[in-house]
1. What dipole magnitude, in Debye to the nearest 20, does the stretch 62-177 give about its Cα centre under +1 on Lys/Arg Cβ and -1 on Asp/Glu Cβ?
2. Between the stretch 72-92 and the stretch 128-150, what's the alpha-carbon centroid distance in Å?
3. Size of the dipole of the stretch 87-149 about the Cα centre, Lys and Arg at +1 and Asp and Glu at -1 on the beta carbon, nothing else charged, in debye to 20?
4. Can you run the Rg to Rh ratio on the stretch 54-132? Use alpha carbon positions and the Kirkwood inverse-distance Rh.
5. Quick one: compute the contact order of the chain, relative version, from alpha carbon pairs under 8 angstrom and 6+ residues apart, as a percent.
6. Counting each DSSP H run of 4 or more residues in the chain as -39500 (n - 2.57), what helix-only mean residue ellipticity at 222 nm follows after dividing by all residues, to the nearest 500 deg cm²/dmol?
7. List the residues whose amide H sits under 5 Å from the amide H of residue 104, counting only those 5 or more places along or on another chain, with H placed 1.01 Å from N in the peptide plane.
8. Translational diffusion coefficient, Stokes-Einstein: compute it for the stretch 116-192 using the Kirkwood radius over C-alpha pairs as Rh, at 4 °C and 1.567 mPa s, and state it as an integer in µm² s⁻¹.
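Each value in this text was obtained by applying a stated rule to the coordinates, not by laboratory testing. Everything quoted here is computed from the prediction, not taken from an experiment. Cβ coordinates were reconstructed from backbone atoms using ideal geometry, including for glycine residues, and neighbour counts include every protein chain displayed.
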Amino acid sequence: MISVSVNSAEVQALARVLDGNAKEFRKQMAIAVNEVAGNAQKQIAKEVGKEIATPQKVIKTTISVKRAKVGVSPTATVTQKKTSRISLREFGARQNKQGTTYKISKKGGRSLVAGAFQGPKPGVINVRTRGHVFKRTGKERLPIQKLMGPSPWGVTVKNKIDEVVVKFSRADLLKQIKERTRFLGLKKSGAI
């Protein structure tokens with residue numbers, strides 16, 4: 001959780017620019033908090049993306065942002081889904097004669113799942129399964145199992161990314177409050 005003191009210089013400067021208008025103050029604080037929440041989501045995806053070889057767009061699907069409402073206390077929440085494992089297809093899966101290769105870690109090489117498949121033959125992806133990687137679990141043709149990679153939440157916990165994001169968000173909140181103050185000051189003076 002990130003909080004800011006009401007007595008901080010940035011908050012007092014914002015209150016002075018608004019001439020004590022409490023409703024407008026809550027609105028501007030909600031705008032700043034929502035901007036910080038969006039930036040925190042991007043920062044988490046960036047930090048996780050340094051560890052695993054998948055696009056940040058895919059990582060962001062596992063992170064939800066609940067934005068602050070204007071009328072109440074400005075509180076936004078950024079959460080990662082604990083159980084959201086990413087499909088192996090997002091890790092550059094390629095089918096060959098032995099099975100399917102993929103690369104999870106940016107620091108390591110490619111790995112092979114022997115007997116895994118993406119389509120009817122190497123180089124051809126089954127449209128119905130959209131390129132997901134499967135492996136037969138029994139001796140018969142069925143059942144098949146969809147293979148998954150790591151969850152971004154697990155990477156976050158293992159590498160203590162939440163501490164980095166909290167530190168980033170604290171600084172970003174003060175920056176956003178200063179931005180709102182500067183913008184409203186220019187607007188009030190008629191420069192904008």
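1. Approximately 320 debye in magnitude.
2. 24 Å
3. The dipole magnitude comes to about 80 debye.
4. That ratio equals 1.20.
5. For the chain, the relative contact order is 24 percent.
6. The helix contribution divided over the chain gives -13500 deg cm²/dmol.
7. When sequence neighbours closer than 5 places are left aside, the close amide H contacts are 111.
8. 73 µm²/s
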